[in-house]
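FYI, it's all coordinate maths here, none of it is from the lab. This one's a predicted model, so the numbers in the text were calculated from it and none came from an experiment. For neighbour counting, all protein chains shown are included, and Cβ atoms are generated from backbone atoms with ideal geometry for every residue, glycine included.
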């Protein structure tokens, strides 16, 4: 499997699309009225350029970073960017009294100088599908909520195990709208994640949580 490197920097791109009326739209549901609304608001990309199964699209450039953050692919060598705070622990773990990378920053000038992070992962979404009917199958006549949820969990376990995918991929099924919709994400996870560069915290953490959460992403 290819090596996936990462560069810590202050950058954020939301994978889901913020709707004018509030809430978020899943990328595979953008065609039609939603695409028209986004175009009217000034979007230059098409829905197909954001999410496509048959050609490269934005979904292939915006992975999940280490289970919680987003990242952006910026090279054909697997170089990605993410927020400074998302990689803070890794930068700290590589730091020492002699080499304070949090204070001074870090840059690898060759492949040999890249720093490995054994427990870090980066996950890409391969495709997205609605599996609501499968998830709720057999629950139509169950009135007891506990029994209904038990049946749904059984369905989800079976779907996760049996829905087709490549051997190196995973099936993740998530509930939406309080369990009224279930979406399947087929994902690919890279485990060879290396620190390529990080700015000093004075730059990388400039603005801190205020800039991360208050300003538009």
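Between residue 169 and residue 134, what is the label-point separation in nm under the 7 Å Cα-to-beta-carbon projection?
1.1
At 7 Å along the Cα-to-beta-carbon direction for both residue 144 and residue 181, put a label point, then send me their distance in nm to one decimal.
Placing both labels 7 Å along Cα→Cβ, they lie 3.1 nm apart.
Report, in deg cm²/dmol and to the nearest 500, the calculated mean residue ellipticity at 222 nm for the chain, where each DSSP H run with n ≥ 4 adds -39500 (n - 2.57) and the sum is divided by the residue count.
-6500 deg cm²/dmol
Specify whether the C-alpha gyration tensor of region 152-217 places it in the rounded, prolate or oblate class, a ≥ b ≥ c being the square roots of the eigenvalues: rounded for a/c under 1.5, otherwise prolate if a/b is larger than b/c and oblate if not. Intermediate results must be reported in sequence, preceding the final value.
Numbers: a/c = 4.87, a/b = 1.76, b/c = 2.76.
Judged from the Cα gyration tensor, region 152-217 comes out oblate (a/c at least 1.5, b/c at or above a/b).
Normalised by the number of residues in the chain, what is the relative contact order in percent for Cα pairs under 8 Å and 6+ residues apart?
Answer for the chain is 29 percent.
How far apart, in nanometres, would the label points at residue 213 and residue 77 be if each is projected 7 angstrom from Cα along the Cα-to-Cβ direction?
Label at residue 213, label at residue 77, 3.7 nm between them.
Between the helical axis of 145-162 and the dominant principal axis of the chain, each derived from Cα atoms, what acute angle in degrees is found, rounded to the nearest 10?
Relative to the chain, helix 145-162 is tipped by roughly 60 degrees.
Among 189, 123, 143, which one moves the most in a GNM of the chain with springs linking Cα atoms closer than 10 Å?
Judging by the Gaussian network model, the answer is 143.
I want to verify a result. In a Gaussian network model of the chain, Cα cutoff 10 Å, which of these has the top mean-square fluctuation: 34, 194, 184?
34
Classify region 126-187 as rounded, prolate or oblate from the Cα gyration tensor: take a ≥ b ≥ c as the square roots of its eigenvalues, call it rounded if a/c is under 1.5, otherwise prolate when a/b beats b/c and oblate if not.
In terms of gyration-tensor shape, prolate.
Could you give the length gained on full extension between residue 100 and residue 69, defined as 0.36 nm per residue of separation minus the Cα-Cα distance, in nm?
8.8 nm
Hey, could you get me the Stokes-Einstein D for region 30-76, Kirkwood radius over alpha-carbon pairs, 10 °C and 1.306 mPa s, rounded to whole µm² s⁻¹? Each step should come with its number before you reach the end.
On the way: Rh = 12.1 Å.
Reported coefficient: 132 µm²/s.
Using Cβ counts within 10 Å as a stand-in for footprinting exposure, how do 185, 65, 176 rank, fewest first?
Fewest to most other Cβ atoms nearby, the residues stand as 176, 185, 65.
May I ask you to sort 128, 50 by Cβ crowding, counting other Cβ atoms within 10 Å and putting the fewest first?
Fewest to most other Cβ atoms nearby, the residues stand as 128, 50.
Within 10 Å of each residue's Cβ, count the other Cβ atoms and sort 214, 131, 196, 126 from fewest upward. Walk me through the numbers before you get to the answer.
Details: 214 8, 131 19, 196 22, 126 16.
Final ranking by Cβ density, sparse to dense: 214, 126, 131, 196.
For the chain, max minus min Cα coordinate along each principal axis, in Å, sorted largest first?
Result for the chain: principal-axis Cα extents of 67, 41, 34 Å.
Which residue fluctuates the most in the chain, going by a Gaussian network model with Cα springs under 10 Å, if the choices are 159, 45, 195?
45
Pop the C-beta distance of residue 40 and residue 203 into the FRET formula with R0 = 30 Å and round what comes out to the nearest 0.05.
0.20
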